[in-house]
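Enquirer: Before I ask anything, let me first share the structure, which is written out below as structure tokens.
Computed from the coordinates by the stated procedures, all read-outs in this text should not be read as laboratory data. Keep in mind the model is a prediction, meaning the values are calculated, not measured. All Cβ positions, even for glycine, are placed from backbone atoms using ideal geometry, and neighbour counts span all protein chains on display.
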Amino acid sequence: MNGFEIAKLRPPTENFSLAILTHFNCPWSKCAFCPSNLFYKLRRFKRRTLEEIKKDIDNTAIINEYIWEKGIISQETLLKSVSEYPMLRECFIHMACWHLYSNATTAFLGGTNPLLYHSDFLEEILIYLRDKFPTITRITSYGRTITASKKNSRYFKQLYESGLDRIHVGMESGSDNVLKFVNKGVTSEKHILGGQKIKDGEISLCTYIMPGLGGRAWTLEHAMETARVINEIEPDFVRLRTLEIFPHTPLYKKWKAGEFTELTEQEVIEEEKILVENIECKTTITSDSAANLLTEIWGMLPKDKKKILRAIDNYLSLNYEEKLKFSLDRRLEAYNNQYGGLSPPIEKKLKRLSKISEDSKNYYEEMKKLIKYIRSRLIP
Ligand code: SF4
């Protein structure tokens with residue numbers, strides 16, 4: 001029995017999908033905020049052949065059969081099988097989670113941009129995958145709008161007819177200044193063109209927006225232009241994923257050099273308010289990234305706009321100290337959800353904070369540091 005390449009980088013909604021890898025690493029790898037830049041030289045982009053991908057699908061099917069024979073869904077049999085095939089540990093766990101949490105119904109074509117392949121190539125994978133696993137009811141993938149913008153109208157129709165249900169695109173911003181500053185390799189015009197082409201092919205479109213990416217210099221433009229691009233595309237989903245500046249990334253260097261001013265948490269929420277106010281199309285907005293502070297920014301627009309804006313205003317009406325306490329609670333909750341408990345260093349820092357008097361000058365400064373520390377440990 002052989003293993004298969006698991007596409008580890010995937011959207012939160014595809015955490016438990018059967019994740020088939022179509023290529024290694026990002027073909028772009030130049031976005032200033034993206035940690036994948038750090039490993040650019042070590043982890044080079046590489047296409048996979050159709051034979052390699054189909055072989056992986058064959059291997060998942062063999063492991064799947066084994067799972068059914070062994071009843072691997074129980075922890076005991078899973079551990080026994082892992083001890084028999086230690087090299088396949090990750091694959092077994094991946095398949096077991098697929099059954100447990102997605103009921104073996106969802107699949108994801110991994111790689112940051114499978115759209116770089118010809119539609120016939122992807123069609124063959126999609127059909128092969130659905131043939132091997134008739135339980136699958138939804139297949140999604142990542143894709144870049146710049147690549148989508150260069151496709152003809154038949155391309156997405158063919159993918160849709162072959163069984164691709166949704167494409168997730170990291171749009172980040174609709175502002176040309178911001179896109180250029182972070183080296184996203186795309187313009188707002190190409191975002192619109194690429195996004196519209198995906199929609200024209202009847203494929204569901206999920207866009208990822210990065211609040212805070214414009215820093216203080218472009219916060220208003222970032223919100224307004226992003227809303228404009230969203231209105232032009234009318235994506236099915238707008239997912240927020242607040243900027244986190246990862247150490248050693250090009251953006252981190254700009255920030256260190258004073259070329260980028262990071263927004264405060266309050267400023268990020270003010271930016272999100274402008275974004276929500278200016279989205280006029282029908283779409284679903286979600287805030288399911290651990291990097292986000294306000295999980296209440298969630299609903300169908302325009303129907304839920306008032307409710308979302310009320311939640312934003314509730315936060316903004318808090319005083320400085322209340323905002324910090326709110327943030328600490330939310331970050332602790334996110335950490336708990338992600339890791340199933342707090343780490344010893346966080347426990348220690350919390351204990352230290354509890355010993356400082358709330359009236360002391362230090363109290364809220366220490367709280368701010370703790371919030372920053374927790375945020376840096378969360379996986380967005
Ligand atoms: S396209 Fe995506 S994965 Fe590639 S560098 Fe940009 S953000 Fe990172």
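Enquirer: Going toward the positive end of the dipole of the stretch 27-101, with +1 on Lys and Arg Cβ and -1 on Asp and Glu Cβ, which of ILE63, CYS34, MET95 do you reach last?
Expert: CYS34
Enquirer: Zone of THR135 (label point 7 Å along Cα→Cβ, backbone N under 20 Å): which residues in the stretch 53-77?
Expert: Residues passing the 20 Å test: 56-77.
Enquirer: So if I place +1 on the C-beta of Lys and Arg and -1 on the C-beta of Asp and Glu, and nothing else carries charge, what would the dipole magnitude of the chain be about its Cα centre? I want it in debye, nearest 20.
Expert: On the way: 57 positive and 50 negative charges, 210 e Å.
With only Lys, Arg, Asp and Glu charged at Cβ, the dipole is about 1000 debye.
Enquirer: What whole number of Å gives the distance from the Cα centroid of the stretch 1-32 to the Cα centroid of the stretch 201-218?
Expert: 20 Å
Enquirer: While we're here: Among rounded, prolate and oblate, which fits the chain when a ≥ b ≥ c are the square roots of the eigenvalues of its C-alpha gyration tensor, a/c under 1.5 means rounded, and a/b larger than b/c means prolate? Write out the running numbers ahead of the final one.
Expert: On the way: a/c = 1.88, a/b = 1.29, b/c = 1.46.
Judged from the Cα gyration tensor, the chain comes out oblate (a/c at least 1.5, b/c at or above a/b).
Enquirer: If you rank MET224, MET210 by fewest surrounding Cβ atoms within 10 Å, what's the result? Walk me through the intermediate numbers first.
Expert: Numbers: MET224 18, MET210 25.
Arranged by neighbour count, lowest to highest, MET224, MET210 become MET224, MET210.
Enquirer: Oh, and also: Within the set of other residues whose C-beta is less than 15 Å from the C-beta of ASP176, count the net charge using Lys and Arg as +1 and Asp and Glu as -1. Please report the intermediate quantities before stating the final value.
Expert: Numbers: positive: LYS180, LYS184, LYS190, ARG228; negative: GLU172, GLU189, GLU221, GLU225, GLU232.
Net of charged neighbours comes to -1.
Enquirer: How long is the gain from LEU350 to ARG154 if the chain were fully straight, where each residue apart is worth 0.36 nm and the alpha carbon distance is subtracted? Kindly include the intermediate steps, with their values, before the conclusion.
Expert: On the way: separation 196, 0.36 × 196 = 70.56 nm, distance 5.65 nm.
Result: 64.9 nm gained on full extension.
Enquirer: Looking at the chain as a GNM with Cα springs under 10 Å, which of SER175, SER29, SER354 has the largest mean-square fluctuation?
Expert: Looking only at SER175, SER29, SER354, the biggest GNM fluctuation is shown by SER354.
Enquirer: Taking amide hydrogens as modeled 1.01 Å from N in the peptide plane, which residues meet the under 5 Å criterion relative to GLU172, leaving out close sequence neighbours?
Expert: TYR208, ILE209, MET210
Enquirer: Antiparallel as a % of all DSSP beta bridges within the stretch 143-317, to the nearest 5? Don't jump to the answer; show the numbers that get you there.
Expert: Numbers: 3 of 16 bridges.
Close to 20 percent.
Enquirer: OK, next. Go through the chain and flag any cysteine with no other cysteine's C-beta closer than 4.7 Å, please.
Expert: If one checks each Cβ against the other cysteines of the chain, CYS26, CYS91, CYS97, CYS206, CYS281 turn up with nothing under 4.7 Å.
Enquirer: Still on this structure, I have one more. Rounded to whole Hz and in sequence order, give me ³J(HN,Hα) for the stretch 277-283 from the Karplus expression 6.51 cos²θ - 1.76 cosθ + 1.60, θ = phi - 60°, writing x for Gly and Pro.
Expert: 4, 9, 7, 10, 8, 8, 7
Enquirer: Oh, and also: Determine the dipole magnitude for the stretch 139-258: charges of +1 sit on the beta-carbon of Lys and Arg, -1 on that of Asp and Glu, nothing else is charged, the reference point is the Cα centre, and the result goes in debye to the nearest 20.
Expert: On the way: 18 positive and 13 negative charges, 104 e Å.
About 500 debye.
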